[in-house]
Structure formats: structure tokens, C-alpha cells
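Take a look at the following structure, please.
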Amino acid sequence: MRNIIGSPAEGDDFFNRPKALAKLRRELDNLANILLVAPRRVGKTSLVLRLCEEWRTDPKRKAVFINVEGRGDELAFAEKLVEEFARAGLHPEILTRAMGVFSKIRQGIGGKGIKVPGLEVSLGEAADADHSTLGKVLESVFRKIEDGDSQVLIAIDELPELLLTLQKEDDGPKRVIALLHWLRELRQTYRKKIRWVFLGSIGLDNFVEEQRLQKLINDLQVFTLEAFSAEEADAFLRVLGDSNKLSLTADEREEIIRLVGWPLAYHLHLVFHELLDMESERSIAKAFDSLLKPEKLGYFDTWRERIDAQFSAPDAASCKAILGDLCKHPAGRERGHVLAVLMAKPTADVDKVEEQLARLLIVLQRDGYLLESGGRYTFRSFLLREYWHRRNGS
Ligand SMILES: Nc1ncnc2c1ncn2[C@@H]1O[C@H](COP(=O)(O)OP(=O)(O)O)[C@@H](O)[C@H]1O
Ligand SMILES: [Mg+2]
């Protein structure tokens with residue numbers, strides 16, 4: 001296992017999580033479609049890439065994995081999906097036809113820069129009556145798969161990110177609903193041969209709750225992925241050490257796990273990387289210090305940036321106020337104290353602030369920022385808490 005930072009772990013770099021994989025396989029075998037929920041960096045992408053790899057070992061099964069982050073519209077989504085179907089060797093004839101149609105749509109709307117008006121985009125003269133929209137062309141592909149003899153697993157990574165982008169476009173909210181609706185129909189119509197896994201670094205559940213769209217995903221089986229247990233983290237550090245010629249003692253491994261506070265593979269990799277780089281005598285405390293130096297804070301910046309991307313401006317401001325306060329209290333604070341932080345503005349209305357606090361605390365826990373225990377709220381990751389402290393200059 002190499003000490004790789006940032007990209008998903010594949011092949012020998014993947015530390016096996018047999019229980020989580022077995023559970024996912026069981027659900028899929030029971031014909032469930034899955035919504036994989038976990039905070040960022042817990043290892044969702046790595047886990048599902050492995051799931052796909054294992055799925056493909058059965059010659060009757062095919063798996064496609066697509067990351068839709070940064071793909072601006074429904075057409076790009078469709079293109080990527082069909083490309084991956086083709087790569088998996090599914091029904092080349094119909095896929096070639098679909099790709100031809102997509103490029104006609106692109107030409108028809110003038111290429112780059114012009115927005116696709118949703119799944120209902122008309123194919124104009126290029127199409128026959130049965131396949132008159134983008135959505136319908138894609139459906140013909142699904143129908144073909146359903147009539148074929150391969151079991152196909154489709155994993156869609158970062159769908160919430162695509163929905164957030166889409167929502168900001170013209171007619172955004174309508175298009176988001178149409179896309180979710182369309183995906184739901186596909187799941188319900190093509191049930192025998194097609195299984196779905198949705199994952200993403202902001203929960204699809206947060207997103208649909210905000211938008212009150214739960215009914216469009218309530219057929220999905222929610223699967224929660226946790227960070228490593230202490231035993232897994234210990235084994236992870238042992239393997240990492242042994243395969244990088246820097247074997248850690250049991251005490252050192254324990255100290256690392258205690259100091260990170262929340263054993264994400266990503267954070268363990270970061271600490272280990274500091275240890276590898278250390279020129280003087282090895283010290284866990286020094287590795288943590290070094291990781292929190294100003295030039296390294298970038299490792300954690302996405303946690304801050306997410307807040308602005310994901311929340312409305314007033315919610316983002318409140319999240320930052322909550323986190324800015326809690327990073328100063330390693331032992332956590334009671335809800336009343338957190339409420340007082342938000343009430344500090346002279347114009348604050350207690351009922352509204354209570355409602356907002358309840359909502360934000362749920363999202364911040366779900367997304368891995370906070371943990372509630374015995375009525376107190378604390379940062380879940382000690383590393384992230386220290387980071388926040390330093391970023392705030394407090
Ligand atoms: N099972 C694992 N084995 C080794 N490294 C892992 C594992 N899971 C996650 N990681 C590491 O953690 C980081 C985040 O993993 P990723 O799968 O991208 O998480 P997510 O998709 O939840 O954000 C990556 O750098 C990856 O190398
Ligand atoms: Mg991911």
C-alpha cells in the first residue's frame with residue numbers, strides 16, 4: 001500500500017474493508033438500489049471502485065462508474081454514461097447510435113457555451129418519433145440492457161454536486177426535479193438487470209431535504225459508511241508502515257489514532273506522510289505540528305470551502321460562527337452555548353435561530369464536522385478542529 005494522498009485508493013493501495021463490501025453486495029443481491037452516505041474523505045469512492053472491480057469478476061456482470069462532478073448539464077451526464085457503457089462492452093450498436101444523436105444535439109445547440117435545456121431537449125429532425133428527446137434516447141439504451149443478459153451495476157459519484165450546479169442554471173430547480181424524477185423512473189422500470197449506487201461528498205439526502213425532494217429518492221436504501229474502527233486504523237497503519245519501510249510501534253500507532261480523533265484513511269495517510277518526511281528523530285507530536293503549518297493548511301481547506309458552496313449565505317455565516325466557536329472548546333459545548341453564539345447579533349429572533357440551529361447541527365453532524373455526545377457538540381476530527389483554530393487565527 002503506497003502512501004498516496006488525495007486520489008481514491010485502488011488496487012494494492014486499497015485497504016480492504018470486507019464487512020462494508022459484503023454488506024453492499026448483499027443489498028445489491030437483494031435488488032436494492034443504494035444511497036451511500038458518509039462525510040467527505042471517509043472513502044466512499046475508493047470503496048465503490050473496489051465494489052465495481054469485484055462485480056466485474058463475474059462474467060455475467062458489468063459495472064460502470066461515473067463521476068459527474070463538474071459536468072454541467074444533462075447532456076454531458078448522458079454522454080459520460082453512454083461512454084462508460086461502451087467501455088464496459090455493452091450493446092455497441094445502440095450506443096454508437098446514441099452517441100451520434102448526442103453530437104447532433106451538441107451541434108444543434110451551437111456547441112460550447114450554449115446551455116442544454118434539460119432532458120426534454122428536442123432532437124429536432126435528427127430523431128424519429130419514438131426517440132424525440134435526450135431522455136428517451138437514453139431510455140432506449142436502458143431498455144436494451146434490461147433485455148440483455150448482463151447484470152449491470154451503475155455507480156454515480158458526486159451527483160449532488162451536479163445537482164447543485166444544475167440548480168443555478170436557467171430553470172435550474174425544474175431541471176433538478178426532472179433529472180431526479182427521470183432517474184427514479186429508470187430505477188423502477190428497469191429493475192431486473194440494473195442496480196444503482198449513488199454516492200457523493202455532500203449527502204444527496206441533505207440536498208433533497210433542503211429542496212423538499214425526498215420522495216424522489218426514497219426508494220433508495222441508505223447505506224452509511226463509517227471511518228475506520230480503532231482496530232482497522234491500527235491494522236491500516238501497520239500495513240502502511242510495513243509497506244513503506246517505516247514500521248510503527250503499537251504505541252506510536254495508538255498515539256496517532258488518539259491524536260487524529262477520527263480515523264479517516266485520508267488523515268492517517270497525511271500523518272504518515274509527515275513521518276516519512278521527517279529528517280530528525282521520529283516524533284508523532286512533531287508530525288502533527290508540521291501538518292498544521294500554514295503551508296499545509298490547504299489539505300483541509302475544502303472543508304471550509306464546502307460550507308460556502310453548500311449553504312445559503314446566512315446559513316454559511318451561521319455554520320462558520322458555530323465552528324469558529326467550537327474549535328476553541330476541545331471538550332465541546334452544550335447546545336445552549338451554541339445558540340448563544342448565533343444570538344449574538346442584535347437583530348436575531350430566537351425562534352428563527354433555534355430552527356436554523358437545529359437544521360444546521362444535523363447537517364454538520366451528517367457531513368462529519370461535528371459530533372454530539374452527552375448533550376455536547378464537538379469537532380469530530382481533532383485535526384480538523386486544530387485546522388479551524390489556526391485558519392481563524394484564534
Ligand atoms: N480503503 C482505503 N484504503 C486506502 N486508502 C483509502 C481507503 N479509503 C480511503 N482512502 C484514502 O482516503 C482518501 C479519501 O478517499 P475517497 O475514497 O476519495 O473518499 P470519499 O469518496 O469518501 O471522499 C483518499 O486519499 C484515499 O487514498
Ligand atoms: Mg469521493
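Any of Lys80/Lys193; Lys328/Lys352; Lys44/Lys80; Lys174/Lys352; Lys44/Lys293; Lys136/Lys174 with alpha carbons more than 22 Å apart? Name them for me.
Check vs 22 Å cut-off fails for Lys328/Lys352; Lys174/Lys352; Lys44/Lys293.
Express the relative contact order of the stretch 11-224 as a whole percentage, based on alpha carbon pairs under 8 Å and six or more residues apart in sequence.
33 percent
Turning to a different aspect of this structure: Take the solvent-accessible surface of the protein heavy atoms, probe 1.4 Å, and return the percent of it on the stretch 230-291 that carbon and sulfur atoms account for.
48 percent
If you don't mind, there's one more thing I want to ask. For the chain, take the longest principal axis of its alpha carbons; what is the angle in degrees between that and the long axis of helix 18-29, to the nearest 10 within 0 to 90?
That works out to roughly 30 degrees.
Where the centroid of each part is defined by its Cα atoms, how far is the stretch 53-75 from the stretch 255-294 in Å?
34 Å
Which loop-located GluC sites (Glu not before Pro) does the stretch 241-301 contain, where loop means any DSSP state but H, G, I, E or B and the Cβ has at most 12 other Cβ atoms within 10 Å?
Glu279, Glu281
Enter the accessible area per residue of the stretch 215-363 (Å², integer; probe 1.4 Å; all protein chains in place).
It amounts to 50 Å² per residue over the stretch 215-363.
Where does each of Lys296, Lys60, Lys320, Lys174 land when they are ordered by accessible area, with a 1.4 Å probe and the largest first?
From most accessible down to least: Lys174, Lys60, Lys320, Lys296.
In degrees, nearest 10, range 0 to 90: what is the angle between the Cα axis of helix 313-326 and the longest Cα principal axis of the chain?
30 degrees
Something else now. Along its three principal axes, how long is the chain when you only count alpha carbons? Whole Å, largest extent first please.
Sorted from largest, the Cα extents of the chain read 68, 58, 39 Å.
Can you give me the relative contact order of the chain as a percent, contacts being Cα pairs under 8 Å and 6 or more apart?
19 percent
Per-residue ellipticity at 222 nm for the chain, helices alone: DSSP H runs ≥ 4 residues times -39500 (n - 2.57), over residue total, nearest 500 deg cm²/dmol?
Calculated at 222 nm, the ellipticity per residue is -16500 deg cm²/dmol.
What is the helix-to-structure angle for 44-55, meaning the angle in degrees between its Cα long axis and the longest Cα principal axis of the chain, kept from 0 to 90 and rounded to the nearest 10?
50 degrees
Under a 10 Å cutoff between Cα atoms, tell me which one of Leu276, Leu292, Leu199 has the largest fluctuation in the Gaussian network model of the chain.
Result for the chain, Cα springs under 10 Å: Leu276 fluctuates most.
The values are calculated or read from the model by the stated rules, or taken from the named source; none is laboratory data. A quick note: this is a predicted structure, and the numbers were derived from the prediction, not measured. When we count neighbours, we look across all protein chains shown, and the Cβ atoms used for this are built from the backbone with ideal geometry, even at glycine. These area figures cover heavy atoms from the full protein model, side chains too; ligands, DNA and RNA do not enter into them. Shrake-Rupley method; radii C 1.70, N 1.55, O 1.52, S 1.80 Å.
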